[in-house]
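Scroll down for the structure; my scribbles are underneath it.
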Amino acid sequence: MADEMTAVEQAVARDEIRQLAFAYADAVDRRDLNLLASLYRPDARFGTHGTGPSGARACFAQSLSQIGMAVLLVANHLIEFDPTDSKDSSDGGAPTARGRVWAHGFIDDGDEGFIQQLIKYEDRYIRVDGVWKFTSRRHLLWLGWRHDEPDPLAQPEANWPDRQIGLGSIPYDDEHWQGFWAQTR
């Protein structure tokens, strides 16, 4: 693929692919299952949850209902385009790429308390109908640690800008967050 693209086309494609990782982090933060499902190719497999958008929604609904708040900060996203001659015929010759991206997660884990994780994702991408999508994401944990101080989510409200320290209003005021938990409970 890289051998068929101009430098400008490669830059645009890399930006579009990076937006996938940013949108994924945003959708996890807000519990937007429809956005998460839209980021994957239409026939993506999600194990016992099935394939396609319904499989994605079921998979993410189960995994995200196991934790409270989760914020992912995305960094160090490297993207490589697959050569044209390595295309899998099952993809119909569609452009494909692979990437590695790091995320720093701040997670309210029901079992462990408030934790941080450093996560590396190994991704596969495909261009479907002119839009880059995930084919797969492999979540690899480098490390995770629990905070020894009291749970930061148990603080009183900050009521920003009056107070700088305390619990803020996000993600709790987000409509997707509220809808996710209304359906889960």
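Conditions tested, residue by residue: (1) open to solvent by 40 Å² or more (accessible area, probe 1.4 Å); (2) modelled with pLDDT of 95 or more; (3) in contact with a strand residue (DSSP E or B) (Cβ under 6 Å, 6 or more places away or on another chain); (4) more than 20 Å from Asp82 (Cα to Cα).
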position	(1), (2), (3), (4)
Ala7	yes, no, no, no
Asp15	yes, yes, no, no
Asp26	yes, yes, no, yes
Leu33	no, yes, no, yes
Leu36	no, yes, no, yes
Arg45	yes, yes, yes, yes
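For segment 132-150: of the residues being surrounded by 10 or more Cβ atoms within 10 Å (Cβ to Cβ) and without any contact (Cβ under 8 Å) to a residue 24 or more places away in the chain, which is nearest to Ser63 (Cα to Cα)? Taking the candidates together, the pick is His139.
Residue-wise test of (1) assigned to a loop (DSSP other than H, G, I, E, B); (2) closer than 24 Å to Asp32 by Cα; (3) at pLDDT 80 or above.
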site: Arg138; (1), (2), (3): no, yes, yes
site: Glu149; (1), (2), (3): yes, no, no
site: Pro161; (1), (2), (3): yes, no, no
site: Ile165; (1), (2), (3): yes, no, no
site: Tyr172; (1), (2), (3): yes, yes, yes
site: Phe180; (1), (2), (3): no, yes, yes
site: Gln183; (1), (2), (3): no, yes, yes
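In this entry, Ile115 passes the filter for residues that are over 30 Å from Glu9 (Cβ atoms) and either more than 20 Å from the chain's Cα centre (by Cα) or assigned to a strand (DSSP E or B) (or both). The residues listed here are Phe106, Phe114; of these, the one that is without any contact (Cβ under 8 Å) to a residue 60 or more places away in the chain, open to solvent by 50 Å² or more (accessible area, probe 1.4 Å), aromatic (Phe, Trp, Tyr) and farther than 17 Å from Glu16 by Cα is Phe106. The set of residues in segment 62-82 being open to solvent by less than 50 Å² (accessible area, probe 1.4 Å), not in a strand (DSSP E or B) and not aliphatic (A, V, I, L, M) consists of Ser65, Asp82.
For first residues located in segment 151-179 and in contact (Cβ under 8 Å) with a residue 40 or more places away in the chain, partners that are of a type in the set (Lys, Arg) and part of a helix (DSSP H, G or I) and lie 6+ apart or on another chain with Cβ distances below 8 Å form the pairs Pro171/Arg30; Asp174/Arg30; His176/Arg30; Trp177/Arg30. Taking the criterion of being free of Cβ contacts under 8 Å to residues at least 12 places away in the same chain and closer than 30 Å to Asp151 by Cα, the only residue of segment 33-85 that qualifies is Ser63.
The values are calculated or read from the model by the stated rules, or taken from the named source; none is laboratory data. The structure presented is a predicted model; accordingly, all values stated were derived computationally and were not measured. Cβ coordinates were reconstructed from backbone atoms using ideal geometry, including for glycine residues, and neighbour counts include every protein chain displayed. These area figures cover heavy atoms from the full protein model, side chains too; ligands, DNA and RNA do not enter into them. Shrake-Rupley method; radii C 1.70, N 1.55, O 1.52, S 1.80 Å.
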